[in-house]
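The values are calculated or read from the model by the stated rules, or taken from the named source; none is laboratory data. Since this is a predicted model, take the numbers as computed values, not measurements. A quick note on method: Cβ atoms are made from the backbone with ideal geometry, for glycine too, and the neighbour counts reach across all protein chains shown. With ligands, DNA and RNA removed, areas are computed over all heavy atoms of the protein, side chains included. Shrake-Rupley method; radii C 1.70, N 1.55, O 1.52, S 1.80 Å.
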Amino acid sequence: MPLSFANPALLFGGLAAALPVIIHFLSRRKVRREKFSDLRFLSEVQARQTRRLSTRRWLLLLLRVLAILLLTVAVSGPRWGGLGGGLSGHSVLLVMDVSASMGTQQDEGTRLERAVRDAGDMLRMLPDGASVQILAAGVEVRPLLGDWLPTGAVPAGVLADLTPEDGTFDLAAVLAEAGRLARGAPGRALDIVLFSDLQKTPATGNLSAAAEELGGGLPVRVLLRRTGQEVPGGGVLKVMLPQRALRPGETITCTARVIPDQADQPFTLELDGVTVAEAVAAGEPGGIRDLEFSLTVPGPGLHRGWVRKAGDRLPTDDARPFVLRVPARVRVLLVHGADRPADGLPGRGGWRFVQQALDPGGEGRTFAVTPLTGEGLSTGALDGADLLVLVDPDPLGRIALEGMSAWLRAGGGVMVLAGDPTGASYLGSTLLPALGLPEQSPRFQSLDKGVRAKLVGGGGDLLAGFGPQALRALRDVLWQRWFSLDGDDQGRALLTLPGGDPLVLLREPEAGRVLVMAADMRPEAGSLPLSAMALPLLQRLAAWAAAAGDLPGQDNVLVGEPI
């Protein structure tokens, strides 16, 4: 390991070690000869003492010289290895990673800003005998200096204008450019100092050939200064799809939870390999944002989708896959009570209105509806259904109730419309508990003029996509007869009536879904059957309940691809 000095000029102070030697010789005693009486024995004693004093004087002189030399070395700042004097006469190549990931915000600015500060500190530490070149490695690898320069000649602001760029850090391109620059490097060895966050990137180019070419000239040493840590999940954290059965041709909103790496960064949504939507994370980089993409639902089937950061292919955070499932049709069992003469054309509870709303024209394009009375409900019929709709049903048998409860817990969806006052006791004591709701005593309410319902939270995600006019038309619907149901801590209300009575109650017991409308579709129950909102509202409610057990995009797992 080489020895270097922080202040090598002070080593000239070692010349001061000659002063004790000079003083020693200038101050030597001269022996004078004097004639005296015969003192032979005293002469012998004097000779022995003279030899001892001479040895001590030479040792003292050596200690004085060593003291001065050690003091000189100490004030010169000796150190082993490092980038100080050990690089005197070397060529130093600073490589600045300016890829997109270096724009990630940290406690003290971006990763690139931290790397620039570290590189500036290193430049100030380099000895005068080193030659310097700087590379910016982003979309392309480019030198920032016209040629190799002595340390003191490097412009002070050469690093200040660096900004993160789209794209990734290309190690093969960096090695190739370093090899080219090494052929003109003035030093006796090349030291490459890499400032990067080490974001994982796909291997590009021929790394072996580039490294071999680089090592064919000067001796090379690579030093690394890592900035920041890798962020798992990175730019695209999650994709959230509508939690309901989708219909081909309808317009939906997809939400992506992202962390932008750049200001005003664009994100794209791909479906089956085609870019179908784009959204921009406006503002400064950093922070978690929710971006909304609008797209038209394609035909039935499983569709492969991605949300990506534009122009960035960092595998840890560029993209998030999802699966868009579009069913060919939703199979509906419509169970209703036996019709009575007073029910007229709408049928018991207005079940025929429900059937027409779900399947206009009876073509079974989106909802294939099979109506039957309560005695026709069986576990075999449930196994072939995606949704069970109960409209003022007659009491179901024990086996049918148990089968319905098991089917619901396994991921089935049940939609209940109840407004027949004669069924209040059965509804509160038997049917609702079988669906996981608390046992209760519903109170039948009746108003001749009718009242308007209130949308809780504006309808939330269940009514997403309904425009202002549609929501206004829904609020204008008058409700004249309904059941007052007890609230449920595990559910949420979509519509409420004056006094807080939940008109539409949503609940998700285990894997299934339950939707209860505390009114039916008889004309005397309210104006909904005559409203333009009857068809879109009932279809949206049925689509939400039918998606139980098959929530698309919940874990963003891509079918057929390794996790």
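Taking each residue of the stretch 180-197 that is within 12 Å of Q133 (Cβ to Cβ) and looking for partners that are open to solvent by 50 Å² or more (accessible area, probe 1.4 Å) and charged (D, E, K, R) with beta-carbon atoms closer than 8 Å, six or more apart or interchain, yields G184/D147; L190/R221; D191/R221; I192/R221; V193/R225. Scanning the stretch 111-130 for residues that are of a type outside the set (A, V, I, L, M, F, W, C) and either surrounded by 22 or more Cβ atoms within 10 Å (Cβ to Cβ) or part of a helix (DSSP H, G or I) (or both) yields R111, E113, R114, R117, D118, G120, D121, R124.
Here S441 qualifies as more than 19 Å from L515 (Cβ to Cβ) and free of Cβ contacts under 8 Å to residues at least 40 places away in the same chain. Check the stretch 406-426 and report whether any residue there is touching a strand residue (DSSP E or B) at 6+ places or on another chain (Cβ under 8 Å), open to solvent by less than 40 Å² (accessible area, probe 1.4 Å), of a type in the set (D, E, K, R) and part of a loop (DSSP other than H, G, I, E, B). Checked against the condition, which is being touching a strand residue (DSSP E or B) at 6+ places or on another chain (Cβ under 8 Å), open to solvent by less than 40 Å² (accessible area, probe 1.4 Å), of a type in the set (D, E, K, R) and part of a loop (DSSP other than H, G, I, E, B), the stretch 406-426 yields no hits at all.
A count restricted to the stretch 361-382 and to residues that are under 20 Å from V326 (Cβ atoms) and either among the basic types (K, R) or not in a loop (DSSP other than H, G, I, E, B) (or both) stands at 4.
Given the structure, is Q469 of a type outside the set (D, E, K, R), assigned to a strand (DSSP E or B) and at pLDDT 90 or above? Against the criterion (of a type outside the set (D, E, K, R), assigned to a strand (DSSP E or B) and at pLDDT 90 or above), Q469 does not qualify. From the set of residues in the stretch 383-397 that are touching a Lys or Arg at 6+ places or on another chain (Cβ under 9 Å) and outside any loop (DSSP other than H, G, I, E, B), which is surrounded by the most Cβ atoms within 10 Å (Cβ to Cβ)? Across the stretch 383-397, the extreme among qualifying residues is V391. Determine if the stretch 145-152 includes at least one residue that is over 29 Å from the mean Cα position of the chain (by Cα), under 25 Å from D197 (Cα atoms) and in contact (Cβ under 8 Å) with a residue 40 or more places away in the chain. Within the stretch 145-152, not a single residue is over 29 Å from the mean Cα position of the chain (by Cα), under 25 Å from D197 (Cα atoms) and in contact (Cβ under 8 Å) with a residue 40 or more places away in the chain. Here is the figure for the stretch 255-273: residues that are assigned to a strand (DSSP E or B) and either open to solvent by less than 50 Å² (accessible area, probe 1.4 Å) or at pLDDT 90 or above (or both) total 10.
For the stretch 349-371, the condition of being within 30 Å of P164 (Cβ to Cβ) and among the hydroxyl-bearing types (S, T, Y) holds for none of the residues. Whenever a residue of the stretch 100-117 is over 19 Å from V158 (Cα atoms), its partners that are of a type in the set (K, R) and open to solvent by less than 20 Å² (accessible area, probe 1.4 Å), lying with C-beta atoms within less than 6 angstrom and at least six residues away or across chains, give the pairs T104/R111. Do you know which of the residues in the stretch 433-476 that are over 30 Å from G423 (Cα atoms) and in contact with a strand residue (DSSP E or B) (Cβ under 8 Å, 6 or more places away or on another chain) is surrounded by the fewest Cβ atoms within 10 Å (Cβ to Cβ)? Out of the qualifying residues, it is G460.
Cβ separations smaller than 8 Å between residues 6+ apart or across chains give the following pairs from the stretch 469-494 residues that are free of Cβ contacts under 8 Å to residues at least 24 places away in the same chain to residues that are small (G, A, S) and surrounded by 16 or more Cβ atoms within 10 Å (Cβ to Cβ): L471/G459; R475/A453; G487/A493. Would it be correct to say that R244 is farther than 25 Å from H90 by Cα and either loosely packed, with under 15 Cβ neighbours inside 10 Å or modelled with pLDDT of 80 or more (or both)? Yes, satisfied. Going through the stretch 145-196 one residue at a time, which ones are open to solvent by 40 Å² or more (accessible area, probe 1.4 Å), among the charged types (D, E, K, R) and touching a strand residue (DSSP E or B) at 6+ places or on another chain (Cβ under 8 Å)? Result: D147, D170.
Restricting attention to the stretch 224-236 and to residues that are open to solvent by 50 Å² or more (accessible area, probe 1.4 Å) and of a type outside the set (D, E), the residue that is modelled with the lowest pLDDT turns out to be P232. Considering every residue within the stretch 360-382, establish whether at least one is acidic (D, E), open to solvent by 30 Å² or more (accessible area, probe 1.4 Å) and either in contact (Cβ under 8 Å) with a residue 12 or more places away in the chain or touching a Lys or Arg at 6+ places or on another chain (Cβ under 7 Å) (or both). The answer is yes; a qualifying residue exists.
Restricting to the stretch 328-352, name every residue that is outside any loop (DSSP other than H, G, I, E, B) and out of contact with any strand residue (DSSP E or B) (no Cβ under 9 Å at 6 or more places or on another chain). Answer for the stretch 328-352, where residues must be outside any loop (DSSP other than H, G, I, E, B) and out of contact with any strand residue (DSSP E or B) (no Cβ under 9 Å at 6 or more places or on another chain): P341, A342, D343.
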